[in-house]
1. Report the far tail of the P(r) of segment 61-114, meaning the percent of Cα-Cα pairs longer than 18 Å.
2. Which number comes out as Rg/Rh for the chain once both Rg and the Kirkwood Rh are worked out on C-alpha atoms?
3. Using the Kyte-Doolittle scale, which helices in the chain average at least -1.0 and also have C-alpha atoms spread 15 Å or more along the helix axis, with helices defined as whole DSSP H runs?
4. Calculate, in nm to one decimal, what LEU327 and ALA214 gain on full extension: separation in residues at 0.36 nm each, minus their alpha carbon distance.
5. If I take R0 = 35 Å and measure r between the Cβ atoms of ASP131 and VAL110 in this structure, what FRET efficiency does the formula 1/(1 + (r/R0)^6) give, to the nearest 0.05?
6. Where both residues lie in the chain, what percent of DSSP beta bridges are antiparallel, nearest 5?
7. Once the Cβ-Cβ distance between ASP81 and SER179 is put in as r, and R0 is 41 Å, what FRET efficiency do you end up with, to the nearest 0.05?
8. Measure off 7 Å from each Cα along the Cα-to-Cβ vector at THR242 and ALA35, then give the distance between these two points in nanometres to one decimal.
Amino acid sequence: MDPLAGVRGPDDPYCDVYLTGTVFLDVIFTGLDHAPVRGTESWARGMGSSPGGIANMATALARLGLRTSLAAPFGDDMYGDYCRDALARGEGVDLSLSRTVPGWHSPVTVSMAYEGERTMVSHGHDAPPEDPAPEGDRVCPPPARACVAALEPGEEREWIATAAGRGSRVFGDVGWDESGRWDLASLGGLEHCEAFLPNAAEAMRYTRTDCPRAAAHRLAERVPLAVVTMGADGAYAVDARTGETAEVPAIEVAALDTTGAGDVFVAGFVMGTLAGWPLADRLACAGLTAALSVQEFGGSLSAPGWVEVAAWYRHVRSSADQDPAALRRYGFLDALLPGCARPWPLRRAAPTIGFRAP
């Protein structure tokens with residue numbers, strides 16, 4: 001299904017969303033009764049492997065029907081081959097701007113989920129710098145409707161300004177500031193962002209406020225659109241251009257693994273924005289896709305497609321105890337889901353890598 005079919009034109013760029021970053025191999029353990037204890041061995045009741053890191057965002061975007069281009073280094077080991085195959089052949093992500101690095105091993109993250117939380121251990125080395133592209137190669141970043149940029153304190157990324165200068169709408173994502181400074185001025189590229197999407201803890205630290213909604217208003221002084229995710233309390237957004245605000249509560253689900261949920265939220269919000277949806281509908285769609293993702297394990301392969309969104313919507317409409325107001329909140333799905341034709345089932349995180357074909 002193409003959620004942008006109604007807004008596409010003959011002169012539009014082929015790429016809907018461009019992103020760049022590092023792909024990890026994620027190994028996820030679930031069903032742990034408690035956090036690992038020093039000097040003991042813990043057994044998990046579930047395990048899965050899937051591409052992680054920037055692959056979480058790329059997969060989430062592609063599963064929502066957006067034409068997604070990813071520029072990333074891949075190791076020339078079996079982990080790298082697996083991640084490249086899962087993204088290119090399994091999800092249809094365009095990897096023409098990616099590269100394979102001889103002798104560089106793929107970064108790995110082990111994630112342990114328990115009591116609704118997760119603990120991660122990662123290992124990897126920076127990929128060697130890429131040689132300048134020969135004359136005539138595809139331009140990077142490519143012309144695209146949008147870009148998703150992971151902003152880092154003290155890191156200047158020239159490609160963000162280049163993409164914005166070419167007309168791409170930039171959506172800024174951010175992680176925990178390990179330096180502890182929490183200085184908005186240190187986020188290189190923020191000035192080029194149309195939207196900035198931190199979680200509540202990050203937003204309050206960056207703005208020196210004690211309320212996520214107050215933080216969103218303060219951030220809206222720096223970016224056209226501030227979106228703050230509040231976990232079980234939903235999400236809140238402020239559009240500085242129009243003065244509009246919107247808040248949508250979270251959907252209550254039993255969370256198995258929260259890995260990648262933030263990436264899925266951003267992907268849903270980007271999709272709704274590019275489709276021209278109202279602000280509240282964008283928040284609702286983003287929250288819904290994130291809620292569906294945490295019910296499966298694995299960061300990238302837990303991202304829902306339209307088939308799963310449609311299955312959820314059919315279920316809630318047929319339930320006798322549903323709040324009519326809640327159903328109206330997702331009424332925008334009525335016109336969208338009849339065209340859903342994604343094959344079922346979606347690929348899921350497998351407990352191993354490289355099953356041999358019979």
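1. It works out to 39 percent of all Cα pairs.
2. 0.95
3. What comes out of the filter, once short or polar helices are dropped, is 261-274, 279-293, 306-318.
4. In short, 37.9 nm is gained.
5. It comes out at approximately 0.60.
6. 50 percent
7. 0.70
8. For THR242 paired with ALA35, the spin-label model returns 4.4 nm.
Laboratory data are not the source of any read-out in this text; all were calculated from the coordinates shown. This is a predicted model, so every value here is computed, not measured. Cβ: placed from backbone, ideal geometry, glycine included. Neighbour counts: every protein chain shown.
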